[in-house]
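Before any comments, here is the structure.
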Amino acid sequence: MYKVIIKRTVPPGKEKELNELIAQLRVAVSGQSGYISGETLRNTEKTDEYLVISIWDRDVDWKLWFDSDERKEIQGKIDKMLGKPTVYETYQYPHKTHTE
C-alpha cells in the first residue's frame, strides 16, 4: 500500500470552504483505479491545520490521480483559497528483507 499525507493550513473563516472543496475531491477520487480510502483530520491544538491521509494500492495509481485535470482544477481552488500550496508527503511500508 501507498499512503499520501496531505497537509493544509486554512485561513480563519475559510474552514467551510475548505471542507466543501475536500468533499469535492473525495467524490472525484472515489472512482479512481487503485484508490482505497481517505480520511480528513483537524489538529486539536492548531485548529487551522488539516491533515488528509489518502491510501492507494500502488504509487502509479496515486500519480495518475495527482496528474489528472479533475484533481488539479479542484486543488487549484484550494491553494488559491489557502494562499499557499498544499504539502504532500508519500509513504509506503518498508519491504522486508531476507534477514528480517
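The values are calculated or read from the model by the stated rules, or taken from the named source; none is laboratory data. Nothing here was measured: the structure is a model prediction, and the numbers come from that model. As a convention, Cβ positions derive from the backbone with ideal geometry for all residues, glycine included, and neighbour counts pool all protein chains shown.
For the range 55-90, how many residues are among the β-branched types (Val, Ile, Thr) and under 11 Å from the mean Cα position of the chain (by Cα)?
So the answer is 4.
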Across (1) surrounded by 15 or more Cβ atoms within 10 Å (Cβ to Cβ); (2) more than 15 Å from ILE6 (Cβ to Cβ), THR47 clears everything bar (1)
Check whether at least one residue in the range 63-82 is modelled with pLDDT of 95 or more, over 24 Å from GLU17 (Cβ atoms) and not charged (D, E, K, R), and report yes or no.
-> yes
Matching residues, the range 25-41, being outside any loop (DSSP other than H, G, I, E, B) and surrounded by 15 or more Cβ atoms within 10 Å (Cβ to Cβ) = LEU25, ARG26, ALA28, VAL29, TYR35, GLY38, THR40
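Select, from TRP56, TRP65, the only residue that is aromatic (Phe, Trp, Tyr), buried (at least 16 other Cβ atoms within 10 Å of the Cβ) and closer than 23 Å to PRO94 by Cβ.
TRP56
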Could we say that SER37 is touching a helix residue (DSSP H, G or I) at 6+ places or on another chain (Cβ under 9 Å) and small (Gly, Ala, Ser) here?
-> no
Matching option when the condition is part of a strand (DSSP E or B) and among the charged types (D, E, K, R), among LYS3, LYS84, LYS46 | LYS3
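In the range 62-100, which residues are among the acidic types (Asp, Glu) and either closer than 15 Å to ILE5 by Cα or without any contact (Cβ under 8 Å) to a residue 24 or more places away in the chain (or both)?
ASP67, ASP69, GLU73, ASP79, GLU89, GLU100 - these are the residues of the range 62-100 that are among the acidic types (Asp, Glu) and either closer than 15 Å to ILE5 by Cα or without any contact (Cβ under 8 Å) to a residue 24 or more places away in the chain (or both).
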